[in-house]
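I have placed the structure first, in the form of structure tokens, so that the comments after it can refer back to it.
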Amino acid sequence: MKTAQIDQDLAKLLADYQVLYAKLRAYHWTVTGPLFFGLHAKFEELYDDAALKVDALAERLAARGVRPPLTLKDQLALARLAEDGGHPSANDMVRNVATDLGTLNGSLRALEKAAAEAGDAATQNLAQGFADAQEKTIWMLKAFLNG
Ligand SMILES: [Fe+2]
């Protein structure tokens, strides 16, 4: 039972990071204004990081003997984060990314706890590592918004 929950959590996180990846690429392409150069580069850094996390989550599932969700359709059905095809302001883009990372950290900390209880150290370490690093990113994004 717990094992199935961990597999499901990993698949949902993979899907969430795919949505975040697409959102960050859209923001990278469409951000405008005096903050363009900094945010254009920051969104690229963050979507590169999201892509690495998708890969790590898929490979953790594979290592557990589970087939990861392979299509965008399947991933979108699993994702808890929402896509953004709109035209938010530069500040709203940063706010949206900070919110999504906060949501992800809630899911990651829950997975970290479940994996620890199940004795799955690899999943626990993966979730903890992602969440720890993202806490710093969230702080930076919030510092940007408070400037
Ligand atoms: Fe680019």
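The values are calculated or read from the model by the stated rules, or taken from the named source; none is laboratory data. Here the structure is a predicted model, which means the values were calculated and not measured. Counting neighbours? That spans all protein chains shown, and the Cβs are built from the backbone with ideal geometry, glycine included. When the accessible area is computed, the model is the full protein with side chains, heavy atoms only, and any ligands, DNA or RNA have been set aside. Shrake-Rupley method; radii C 1.70, N 1.55, O 1.52, S 1.80 Å.
Count of segment 95-128 residues, restricted to those that are assigned to a helix (DSSP H, G or I) and open to solvent by less than 40 Å² (accessible area, probe 1.4 Å), is 16. Here Leu70 meets each of (1) assigned to a helix (DSSP H, G or I); (2) open to solvent by 20 Å² or more (accessible area, probe 1.4 Å); (3) among the aliphatic types (A, V, I, L, M) with one exception, condition (1). Being within 18 Å of Thr99 (Cα to Cα) and open to solvent by less than 50 Å² (accessible area, probe 1.4 Å) is the filter; apply it to segment 1-17 and report the residue that is nearest to the chain's Cα centre (by Cα). The selected residue is Tyr17. Taking the criterion of being of a type in the set (A, V, I, L, M, F, W, C) and open to solvent by 70 Å² or more (accessible area, probe 1.4 Å), would at least one residue in segment 36-53 satisfy it? Yes, segment 36-53 contains a residue that is of a type in the set (A, V, I, L, M, F, W, C) and open to solvent by 70 Å² or more (accessible area, probe 1.4 Å). Kindly check whether there is at least one residue in segment 23-31 that is at pLDDT 95 or above and exposed (fewer than 12 other Cβ atoms within 10 Å of the Cβ). So far as segment 23-31 goes, yes, one or more of its residues are at pLDDT 95 or above and exposed (fewer than 12 other Cβ atoms within 10 Å of the Cβ).
Say whether the condition of being within 17 Å of Leu104 (Cβ to Cβ) and touching a Lys or Arg at 6+ places or on another chain (Cβ under 7 Å) is met by at least one residue in segment 28-45. So far as segment 28-45 goes, no, none of its residues is within 17 Å of Leu104 (Cβ to Cβ) and touching a Lys or Arg at 6+ places or on another chain (Cβ under 7 Å). Filtering Glu59, Glu44 for residues that are within 16 Å of the ligand (Cβ to nearest atom), charged (D, E, K, R) and not in a loop (DSSP other than H, G, I, E, B) leaves a single hit, Glu44. Quick check on my filter: what residues within segment 1-41 are over 18 Å from Leu141 (Cβ atoms), more than 16 Å from the ligand (Cβ to nearest atom), assigned to a helix (DSSP H, G or I) and hydrophobic (A, V, I, L, M, F, W, C)? Within segment 1-41, Ala4, Ile6, Leu10, Ala11, Leu13, Leu14, Ala15 meet the criteria.
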